[in-house]
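Student: Got a structure here, written out as structure tokens. Questions coming.
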Amino acid sequence: MSIIRIKFIKGNEVKFISHLDMMNTFQRAIRRAGLESEYSKGFNPQMQMVFGAPLSLGFTSEAEYADLSFVKDYEPETIMEKLGAELPSGLDLQEAAVRKSNKNIMADISFAEYTFVIKGLEDLNDVGKSIMDCDELMVEKTRNGKTRKINIKPLILEFETAGSKGRLLAVAGNSGNLNPRLLSEAMSIKYDRNIEFTDINRSRQFVERNGVKMNPLAKEAMETK
């Protein structure tokens, strides 16, 4: 048995397919590749795979991750070659490694970085500093039909602007998750104008070990609990 963690790109060609459809695409590709997946037990066996936090429709990503479970001890290079050949354009494998830690990728991701274009503000020179200096950034969030006001400032670790572009490093995963669109909504309220983020791309994701952010495929991340 082996658990292989993969990193892949979700490009423009597939940015409007849902998280579920993407998972189904991987399942079909694994079958076509002839790879022997591990399945759950019971009346309706499911292929054992865990993906990171879902990416919003319309977002691209250079750093998506998944943990794939197999009944055979595959080498990462085999997965890269065989699975990579069966994935459609826009889903491109970048790296793979054997996961020895107990944490799956969904539970492991702690931070995510996004880049985007900011529309609606002419002068962005001091916007990043202004946002980081705020004590709070209130925005309305609707979940399960209920709307409540939340302060998203504690979820923002870094926010920078240069030209018309922005970069956000935020809390992600089970401990909390900040969608960049919520930041644009909070900024619209703060600056009293319609501010929109376009071309949103998840550029990096991180796990945390002993207070240190690191690549989810780093050796220490893959071998420590």
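Student: Could you sort 207-214, 40-47, 119-126, 79-86 so that the peptide with the highest average Cβ count within 10 Å comes first and the rest follow in order? Mind dumping the intermediate values first?
Tutor: On the way: 207-214: 13.9, 40-47: 9.4, 119-126: 11.5, 79-86: 17.0.
Packing order, densest peptide first, comes out as 79-86, 207-214, 119-126, 40-47.
Student: Positive end of the charge dipole of the chain (Lys, Arg +1 and Asp, Glu -1 on Cβ, about the Cα centre): tell me which of V207, G120, N24 has its Cα farthest that way.
Tutor: About the Cα centre, the residue reaching furthest to the positive side is N24.
Student: Starting from the 7 Å offset along Cα-to-Cβ, what nm value, one decimal, do you get for the label separation of R204 and I150?
Tutor: 2.5
Student: Just from the alpha-carbon atoms, what are the Rg and Dmax of segment 47-100 in angstroms?
Tutor: Cα radius of gyration and Dmax of segment 47-100 are 12.1, 36 Å respectively.
Student: Could you run the Karplus curve 6.51 cos²θ - 1.76 cosθ + 1.60 with θ = phi - 60° over segment 83-96 and give me ³J(HN,Hα) per residue in whole Hz, x for Gly and Pro?
Tutor: Calculated HN-Hα couplings, in order: 6, x, 6, 9, 7, x, 4, x, 10, 10, 5, 10, 8, 7 Hz.
Student: In nm, what is the difference between 0.36 nm times the number of residues separating E136 and N174 and their Cα-Cα distance? Walk me through the numbers on the way to the answer.
Tutor: Numbers: separation 38, 0.36 × 38 = 13.68 nm, distance 2.17 nm.
Full extension of this stretch gives 11.5 nm more.
Student: Calculate, in nm to one decimal, what K119 and K72 gain on full extension: separation in residues at 0.36 nm each, minus their alpha carbon distance. Write out the running numbers ahead of the final one.
Tutor: Values: separation 47, 0.36 × 47 = 16.92 nm, distance 4.96 nm.
Once the chain is fully extended between K119 and K72, it gains 12.0 nm.
Student: Once fully extended, how much extra length lies between K129 and K41, figured as 0.36 nm per residue of separation less the alpha-carbon to alpha-carbon distance?
Tutor: Working: separation 88, 0.36 × 88 = 31.68 nm, distance 5.20 nm.
Roughly 26.5 nm would be gained on extension.
Student: Determine the distance separating the Cα centre of segment 163-225 from the Cα centre of segment 97-151; give it in Å without decimals.
Tutor: That distance is 5 Å.
Student: What whole-number volume per residue, in cubic angstrom, does the convex hull of the C-alpha atoms of segment 28-121 give? If you can, show how the numbers build up before the last one.
Tutor: On the way: hull volume 13.6 nm³, N = 94.
Normalising the Cα hull of segment 28-121 by residue number yields 145 Å³.
Student: Still on this structure, I have one more. Could you work out how far apart the two model spin labels at M1 and D92 are, taking each label as a point 7 Å from the Cα in the direction of the beta carbon, and quote it in nm?
Tutor: If labels sit at M1 and D92, their model points lie 3.5 nm apart.
Student: First measure r as the distance between the Cβ atoms of I17 and N194, then evaluate 1/(1 + (r/R0)^6) with R0 = 35 Å and state the FRET efficiency to the nearest 0.05. Let's see the in-between values first.
Tutor: Details: r = 28 Å, r/R0 = 0.80.
Computed FRET efficiency for I17 and N194: 0.80.
Each reported figure results from applying straightforward, stated rules to the coordinates on display, with no laboratory input. Everything numeric here is computed off the predicted structure, so don't read it as measured data. Counting neighbours? That spans all protein chains shown, and the Cβs are built from the backbone with ideal geometry, glycine included.
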